[in-house]
Amino acid sequence: MREFPFELALCAHLEATTDDVLARQIGGGVHAPSNRIIDVLCVEPDSGFDARAKLTNERIPDAAIESEVGVGQSRYWRNAFDTSPEYARKVVDRAVEIGFFERKRRRGREYVRQVARYPDWFGKLVGIENKPDLADPGDLETQLRKDVSLGLVDEVILATESYVTRAHLNRIPEEVGVWRFAGGEDEREIEVVREPTALETDTAGTELIEQHAGKADVRVVSAAAKARQRRRMAERAYGKGWRTYDFPACSEIESRDGGLPYCRWKGRIVNPVHCGPDCSGHDPADPPEVDLDFERDSRTPWVADPAGLKRRQTGLDAFRTEN
């Protein structure tokens, strides 16, 4: 199976068998987040998850979470950020738009506050690297060593469709768990070939930035920086999810198993990016009507349209306002 359909099928399976928040293609670095992209990130809900779900279905900007804007006292917006006014303005507007901040004007100045405290809503993060065919591993070993040396996620897992041999296991870091995800179209199951070893996420790690012949550019990442990036990754996963595609405009395409783009002509899940007139089976038509947010909402603890907390809280006039 090609990597994209494999990834979608694995996400659908994990969604049906766990309560994790799942997302695809999440930056897994600190100094260079886009230097390492995690195929699938699994975010384990913690005790504060319900409180998080009530806030907003969107990603909350990290700068809004780390700002001096609190719950009990409204603050002049510019005093709440240690950043440029231009960037602070964008963060405030976005936080208000998604319902994380409330604002009011007083004597010509704008004041903001959080509608509720930001909760500790996630626990373990698991990063999954998808490699359906181990006969074509590419730069797999280096990618996995990046994850292990940095220790940004709690566990790293390699998922494959191939039969896993001892030689395969010997070529990847021993801390990496291995899953074989295989079977018929409707009968895929996860076979745990090797359990992952828990990584030390609360200590400093080493990030590989760039590698050349004979030298490597690495940077030490503090435990505090890792904690901030873990929260960013969890928030990104919460807002993004894994159904980040549009359905092709072809009559052969239908939605299966909670929003997977299935092609009847090819008899398999397809990558919509590669669908179009160049395909011999292409039959132009309107894309199927699929509400991907509804599919996620109906199958996971994520809430597509939370009521929000703004109108259930006392107005800003009841809270102290800084001078």
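Computed values, structure above
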read-out: Highest-fluctuation residue, 265, 302, 121 considered, GNM on the chain with Cα pairs under 10 Å; value: 265
read-out: Radius of gyration and Dmax over the Cα atoms of the chain, both given in Å; value: 22.3, 72
read-out: Percent accessible area from carbon and sulfur atoms, region 213-290, protein chains only, probe 1.4 Å; value: 46 percent
read-out: Accessible surface of residue 118 - all protein chains present, 1.4 Å probe, nearest 10 Å²; value: 50 Å²
read-out: Cα-based equivalent ellipsoid of region 94-181: semi-axis lengths in Å, sorted from largest, via gyration tensor; value: 47, 12, 12
read-out: Residue-normalised accessible area of the chain, given per residue in Å² at a 1.4 Å probe; value: 50 Å²
read-out: Formal net charge of residues neighbouring residue 220 (Cβ-Cβ distance under 13 Å; K, R +1; D, E -1); value: 0
read-out: Listed residues 268, 109 arranged by accessible area, highest first, probe 1.4 Å; value: 109, 268
read-out: Accessible-area value, residue 165, 1.4 Å probe, nucleic acids and ligands omitted, Å²; value: 50 Å²
read-out: Theoretical FRET efficiency, 1/(1+(r/R0)^6), r = Cβ-Cβ of residue 93 and residue 47, R0 30 Å, to 0.05; value: 0.45
read-out: Two-site label geometry, residue 17 and residue 86: point separation in nm, points 7 Å out along Cα→Cβ; value: 4.9 nm
read-out: The chain: most fluctuating residue of 82, 278, 297 per GNM, C-alpha cutoff 10 Å; value: 278
read-out: Computed lengthening from residue 135 to residue 265, 0.36 nm per intervening residue step minus Cα-Cα distance; value: 44.0 nm
read-out: Accessible area of residue 60 in the full protein assembly, 1.4 Å probe (Å², nearest 10); value: 0 Å²
read-out: For the chain, built as a Gaussian network whose Cα springs stay under 10 Å, the top-fluctuating residue of 130, 271, 79; value: 79
read-out: Coarse-grained scattering of region 1-63 at q = 0.21, 0.26, 0.27, 0.30 Å⁻¹, given as base-10 log I(q)/I(0) from a Debye sum over alpha-carbon atoms; value: -1.05, -1.17, -1.18, -1.20
read-out: Accessible-area composition of region 103-157, carbon plus sulfur, in percent [1.4 Å probe]; value: 41 percent
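The values are calculated or read from the model by the stated rules, or taken from the named source; none is laboratory data. What you see is a predicted model, and the numbers here were worked out from it, not measured in a lab. Positions of Cβ are backbone-derived with ideal geometry, glycine not excepted, and every protein chain shown enters the neighbour counts. When the accessible area is computed, the model is the full protein with side chains, heavy atoms only, and any ligands, DNA or RNA have been set aside. Shrake-Rupley method; radii C 1.70, N 1.55, O 1.52, S 1.80 Å.
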